[in-house]
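J.: Structure provided below as structure tokens; questions to follow.
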Amino acid sequence: MLQQIVSYIGTLDPALIYVVLFFFAFIENIFPPSPSDFVILVGAILIANSTLGFIPILIFTSIGGALGFIVMYLIGEFLGEKLLRSGKLKFITQDSLDKADRFFHKYGYNIILINRFLPGTRAVVSFFSGVHKLKPMHTFIYASISSFVWNALLIFLGIQLGNNLVLVDKYLSNYSQIIFAITAVIIIIVLVRFWMKKKKSK
């Protein structure tokens, strides 16, 4: 199944694929549920099965990730004070904000440098970078480095998967069958227990 999906995607225009990879890398910082890492991984798998290249994918995804980080940084810079210090968010106290200020001013750039390795917190890091008004150029450089290193590792992993796609597809197929069997057993057990309980109640 995976091999068929990759083969189909590989028939698409490479320029379109690069745009899609850029978009998902960009949008992740603004809408955290975005499956950007998975999309980039699939894009990297295509390197072994299409005309896509390592360097173009790395450049597009890294620039997209860094630009998305800066957009969220700007949102934090211009809206953060109104949202956080207005008192409208009752669950955020002034004391916790003061602690966050001290922490971010001390470790802010280091956090940005490793932010790509912290799934689930990337949008938070970019937002609070703006709230605490870290230097924009420094922020962009650190975000770019973090995005570049993370995407390079992710793309390398995708290439390895692409070179062993038949094996990966086999394992995924076996995994799906195992999960299906476990799910079927659980459903049967639940139905039997429900039937026995209903029989006793009568």
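J.: How far, in nm, would the chain grow between VAL71 and VAL20 when pulled straight, counting 0.36 nm per residue and subtracting the alpha carbon separation?
T.: Contour length minus the Cα-Cα distance gives 16.5 nm.
J.: Leaving out ligands, DNA and RNA, what percent of the accessible area of the stretch 10-85 is carbon and sulfur, probe 1.4 Å?
T.: In the stretch 10-85, the share of accessible area belonging to carbon and sulfur is 81 percent.
J.: Along the Cα→Cβ direction, 7 angstrom out, place labels at THR183 and TYR107. What is the inter-label distance in nm?
T.: The two pseudo-label positions are separated by 4.0 nm.
J.: Here's another thing I want to ask about it. How high is the FRET efficiency between LEU12 and LYS82 when r is their beta carbon distance and R₀ equals 35 Å, given to the nearest 0.05?
T.: 0.25
The values are calculated or read from the model by the stated rules, or taken from the named source; none is laboratory data. Note that this is a predicted model, so its numbers are computed, not measured. Every residue, glycine among them, receives a Cβ derived from its backbone with ideal geometry; neighbour counts consider all protein chains shown. Surface accessibility is based on the protein's heavy atoms, side chains included, excluding ligands, DNA and RNA. Shrake-Rupley method; radii C 1.70, N 1.55, O 1.52, S 1.80 Å.
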